[in-house]
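The next block holds one structure in the form of structure tokens; read it before the comments.
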Amino acid sequence: MIPLMPLVGGLITFLIGPKVLRSQAHLPCILAGVASFAISIVALLEVSKAAFAANPELSNPASVSITYFEWFRSGDPNLVGDHLRKVGSLKAEFSLRLDPLSSAMAVMVTFLGTLIAVFATGYMRDHHSKVEAGYSRFFACVSLFIGSMLMLVLADNVLVLYAGWEGVGLCSYLLIGFWFEKTSASLAARKAFLVTRLGDIALFIGLALLWISSGYRLDFDGLLNLKNYDSSVGLACFLLFIGACGKSAQFPLHVWLPDAMEGPTPVSALIHAATMVTAGVYLLARFMPLFATVPDVQMVVVGIGTFTSLLAALIALTQTDLKRILAYSTVSQLGYMFMALGSGIKMESALPMLAISAAMFHLLTHAFFKGLLFLSAGSVMHAMHHVIDLRRIGGLRKVLPVTHLAFLFGALALAGIPPFAGFWSKDEILSVVHEASKSSNYPEYYIFMWAVGIYVAFLTSFYTFRAYLLAFWGDCKLPEEVHGAAHESPISMTLPLMIISIFAVGIGFALSNLTPFSIEGFLSKMPGYVVQVEHHHDWLTVGFATGAGVVGLFLAIAFYGKGGTLSEQTPLKANFAIELSKNKFFFDEIYNKVIVTPLNVTFVIAKVFDQYILDGIVDLIAHFPKMIAQLFRPIQNGLVQFYALAMVLAVTVFLIALARSM
Amino acid sequence: MNNESWIYLTNLSLLFGLTNLSLLLGWLSIYVALPKRGSIGSSNFLCYGFGFISLLIAGAQVFREYSFNPELVLFCIFSFFSIVGATLLVVSKNPARGALAFALTISSTGGIFLLLAAPFVMAANIIVYAGAIVVTFLFLLMLVKQHHADLADTECREPFLASLAGFALMATIVSILTAAFPSNSLTVNRGEVERVLSETKVALDISNLSELKVKVINGDSYVVSRLKNAFGGSGYWVERIEVEVQKNGTVLLNKSENIDEIKSALNLMLDIGTEYLKNKALLRPEGPVASNAGADPSLPLAKIRKDKTGRPAMPADNTSFLGKLLFSDQLLAVELVGLLLLVATIGAIVIVRKLPTKVSL
Amino acid sequence: MMVLDLKAYLVLGAVLFALGMIAFISRRNMITMFLGAELMLQGVAINFLAFSRFRGNLQGQSFVLFILSVAACEAAIAMALIVILYRAKRSLDVSKWQDLREEDLEPNEDLEIMAIDDNQIQPMPILPVAGRRPVKEGDASHV
């Protein structure tokens, strides 16, 4: 029911949007979003009521699985055991699942989706309230996206999950390339699609492996409670992780996300900050019982997560495009989440639960504050006529007061300054990593990761405030496109900003410290996890992380407090490092050299092989009948009498044969 | 193999050999006479010589095989002229002469038609072919105004292969016919088979052994040899009689004193004969046959009214019957043919008309 | 010895049929070819009539009558076709029409007519147009 509404809304918008609704094409989308949100809230309340009331000893206390219809079926599902394996029976049901994890995600998706759709109604108009071309297309895609995302998070078996996964990928492609007239936008869309496709293939193979090793089960209950873990589980987990990397823009598949900023800013906020990119995190959280059994893969996960967060933070230091800074920041924060997830080792300990709750906590807070930051950036873009180059704007706090405040809250949250949201969740993550170092076989590894995480916290704070200060402080600089007539965005844009601001400020504290809303307590009702009873803050981590954040903040103020131009002030002397960072560590170039060029060479070789060797063989085979035909072709000389002669001879032979046989 | 078959075989081989010789000579004659590049006048003699020898051999065979009577003489004369006319048509370099030779053939075949008791068809044939078609083509030759002999007339396409193909076909047909009519084919018929079978059936009712022997065996297994002759003297059915009945049966019928044994052998013979009739019945036309057409083709030949030569009666005044047949039973076909003629006339006019616009062909 | 039977007539029909076929296959003049085809029809007609005679049944005769009518139609159409084919190539040679051969096959060219000694070829009789005085050689005043 929850994903159905946006899907239907999207369908309606697709069908009648361009003709009937025109400038009101956002209505089905927003109405469906609101309705889904309401149902999600109800579902969340139901789940939490069940969760807190349920007896933890029950096998399935707070998880409801609803089967809507049988999708398709092959083989005989009544056959079991070895016979089943031989027959390869497959029974796919369209079933959804409500448990703490999915209901929390659903509420977040519908809430942010609706608010961002409202924001987009203002953003997708020019300054005379005239809608852009493709207005209804935009809302149809957004609607479809929300529906697919809900299907992804609510799925109860991997097929539905995969369908949702591909659905969000498709919507992402459509929305990045929304302004397909722009070459860069269509290229970025293609890049995003192809890069995520690499991950999708890995995901599919991983799911197939799991399907086989679980005895041909598709539902999560069957998949996650494997009776005997064989060697393929590690490989399957690794493949799932690659899939998650593709979707969540982790190294080495992170290159598409910054380019995806070519899409409209609400899309960046919704898809590439809050929801779709977190699908990978959600996937790993969902499959945590499997990942926890393979610590080697988990080390890869935490390593990749840490490395990505560090790398992206370093790149973000020198970028001048506001949206790109935010994009790299997103990559970095997603790295944090993977760092947390990678710490979920040893199923019998409390670590997996802690990892999930930390990752999900950060996911939720990040969704809010990053959405807020993106929407603020969108507001800036809207006011500045799509100019967000930090070298050309500055001192906007007087021009855009509401946006300024919203951005400030978002930045504080991102930087992890207490008591804003990011502080709580980031501390959770670092604490989990610290905890993991105590129970891992390689404590030094996790300690190192922890240290890098704290360093990244410092970097985060620094680049965030660099962007903030450059954009909103200093002398008032307006690009010439604005013609000096910058003004605050319309109410449809500022209202969602204000609402999300409140959440960005308060959600961290609320979910972390207020018992009724505690994310940890809520998620701990998931079945099959060991729960750590008493909650304690890792004060060492908190101290370090907060200190790093604050240091970064003040350093940024020291460097950029005057809001000066970038070209004059270089924060570091190492020019090489700056160049490296500015050019995103040359990842695109390296990929071009390492992957694309050898592929091109291979193509050429393959082409030659195909044209001269394969075609040669085929032609040779074709030559035999041709030669035989050449023998008989002179018969067809066009002379009627020759044909008649041949016919008579044949008839004579036939008659002779007939006479002999009589 | 009995004596009878040996005689038959030598007879056949002699016939076959002469027939083949005749055909070979005919082929040579046609091949030599066909207009070819560089063909010289002296080859005409060769051609005529071969042709006459060939026809002489064929005629000698005909006279040898059939009893001499006016019909045979007339048949030979008409056949001779029709074949000569056809040969002239084949070999003539001048299409006008060919057309006249064709008229000769038509006239001669008219005589043959008369011999076959078809006077109306003869008349129609001569009117349509000799009167209309040949004359029309002579006019056509005039219209196209060929002033000199064309390469088309002086050279043949594949003369050797073409004449070989034609004579191979001819030889095949003749040999098939020779095999199909080994002796007087009119005596090999259903009627005789049916007669023998009905006699056998009657004989089966006799209970006295000596009386039965007199009736069916008559000292020389009478019934069996009659049936074998009725089957044509050789072939599958005769073999079956020899294998299934005579192997035990001849002995049995001649020597056996056991009436039951004789009767079982007769029953076996009866079965084979019935099967023969059933198989031959398949060759009969199925469905209703025109009622005015004369003898019903599904009737056994034995039941058909015969003339005094032993052949089925076909009165020379059958034209009135033919008219009755055409305008009663086959009225629709006649009307359709009339329509076809009309369409053909219009079509010919349309085809030959000069089109207003230049059409390249 | 017996009276003339079916076989004799069938053999005669076969001979006429085969001769007509040879004419159709080997002769290149379209008119001769057509007459050959008619000769084949004569052979078939003799067959039909013989069967008719020796079954005492008239259906063979009626069949021959239909053959005659169809042959007449065929003659009309064939004549028209021959006329237009002659108009196109100014020749009655059927070998001039061999366009339906394999596309890259060389046409079956006959040697030039000049290779043949003209003296050996007898000139055709020219039928003058009826109702008009024949034009004499070198006399153009009458035209």
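What follows draws every value from the coordinates through simple rules; no lab data is involved. These figures come from a predicted structure and were not determined experimentally. All Cβ positions, glycine included, derive from the backbone under ideal geometry; neighbour counts span all protein chains shown.
Observations, loosely collected:
- 5 angstrom amide H check on B:Lys306, placed H, neighbours 5+ away: B:Ala313
- By average C-beta atoms within 10 angstrom, highest first, the peptides B:25-35, A:545-555: B:25-35, A:545-555
- Over 32 Å (Cα to Cα) - which of B:Lys36/C:Lys89; A:Lys247/A:Lys398; A:Lys323/A:Lys438; B:Lys303/C:Lys7 fall in this group: A:Lys247/A:Lys398; A:Lys323/A:Lys438
- Where labels lie 7 Å past Cα in the beta-carbon direction, separation of B:Ser198 and A:Ile557 in nm: 13.8
- The string of couplings for region B:44-53 from the Karplus curve (6.51, -1.76, 1.60, θ = phi - 60°) is 4, 4, 4, 4, 4, x, 4, x, 5, 4 Hz, one whole number per residue in order, with x for Gly and Pro.
- Amide H contacts of A:Leu98 (H built 1.01 Å from N, in plane; Pro and chain starts excluded): A:Val64, A:Ser65, A:Ile66 sit under 5 Å, all sequence-distant by 5 or more or on other chains.
- Phi to ³J(HN,Hα) by Karplus 6.51 cos²θ - 1.76 cosθ + 1.60 over region A:178-184, Hz, x for Gly, Pro: 4, 8, 6, 5, 6, 4, 4
- If the chain linking B:Leu341 and B:Ser320 were pulled fully straight, counting 0.36 nm for each residue of separation and taking away their Cα-Cα distance, it would gain 5.2 nm.
- Burial ranking of peptide ranges A:140-150, C:79-89, A:620-630, B:63-73 (average Cβ count within 10 Å, highest at the top): A:140-150, C:79-89, B:63-73, A:620-630
- Modelled FRET efficiency - R0 45 Å, A:Thr183 with A:Lys398, Cβ distances, 0.05 increments: 0.80
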